[in-house]
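**Q** Below: one structure in structure tokens.
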Amino acid sequence: MPAIIRTKTRLASVAFIGALGLAALTACNNGTPGTTPDPTNGAPNGTPPNGAPTNGSDAAATATLRDATGAEVGTATFTEADGALRVEANVQTLEEGFYGFHIHGVGVCEPDSAAPDDPEDTGDFMSAGGHLGSDEGDHPEHQGDLPQLLVMANGEGHLSFATDRVTMTDLTDEDGAALMIHADPDNFANIPERYAPGGPDDDTLSTGDAGDRLACGVIETAS
């Protein structure tokens, strides 16, 4: 009998210690028993764990993207952080697929307009000029060359990245700047020699064959 009693006492002690440990873990869970740990580590709602700004938070500039009919298809924000410019874009009502996405050198988005340097070159949003920095090199080395925009089957697309090629000064100079969605994917002038032994042509080196200008938004300083 004494051995049995000692065994039961030892088991009861182990169970009691385990219960104390569980209670301590629960109490440390965001300070509220029974809740799920906060993945933002206590940051305000909507703030990513890495501290990157959410779309519209502390933005230095914004752009509203509209198609040639004037219909809004998306928005974008520009935020300076850690020596770079963070760009966050959200679009909707577009067809599924990849789209060329660039910053153009003139902050004017006019449908059926002429290019600033060539009155004979007309079309939707030609008023925005070429890619920002296009006079300093070939695509995809322009300041305004950005990652592809990928739109999902539901018509929505979300893109967030940082670039040190562009500063707020570049976007808010005398001519301003515009954010552009093109109708086709951007190939970034990556044309293998087996397809083009002579290398990419002038159109590819200019725009990455991203095609027509589908939507445009003037980049404006946030109020």
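What follows is calculated from the coordinates using simple rules that are stated; it is not laboratory data. All values derive from a computational prediction rather than experimental measurement. Methodologically, a virtual Cβ is constructed for each residue, glycine included, from the backbone with ideal geometry; neighbour enumeration extends over all protein chains shown.
**Q** Going by Cα centres, the range 115-130 and the range 166-200 are how many Å apart?
**A** 16 Å
**Q** Shape of the range 92-223 from its Cα gyration tensor (a ≥ b ≥ c, root eigenvalues): rounded if a/c is under 1.5, otherwise prolate when a/b > b/c, or oblate?
**A** Rounded, since a/c falls under 1.5.
**Q** Follow-up. Using θ = phi - 60° and the Karplus curve 6.51 cos²θ - 1.76 cosθ + 1.60, what whole-Hz ³J(HN,Hα) does each residue of the range 182-194 get, with Gly and Pro shown as x?
**A** 9, 6, 10, x, 9, 8, 6, 6, 8, 10, x, 4, 5
**Q** Here's another thing I want to ask about it. Quick one: order Leu85, Leu132, Leu150 by neighbouring beta-carbon count within 10 Å, fewest to most.
**A** Ascending Cβ contact count within 10 Å gives the list Leu150, Leu85, Leu132.
**Q** Packing-wise, with mean Cβ within 10 Å as the measure, how do 118-125, 191-198 rank, highest first?
**A** The most tightly packed comes first, giving 118-125, 191-198.
**Q** Per residue of the range 169-175, in order, report the coupling 6.51 cos²θ - 1.76 cosθ + 1.60 (Karplus, θ = phi - 60°) as ³J(HN,Hα) in whole Hz, putting x for Gly and Pro.
**A** Along the range 169-175, the couplings run 4, 5, 7, 10, 6, 4, 8 Hz.
**Q** Which whole-number percent gives the relative contact order of the range 73-178, counting Cα pairs below 8 Å spaced six or more residues apart?
**A** It rounds to 36 percent for the range 73-178.
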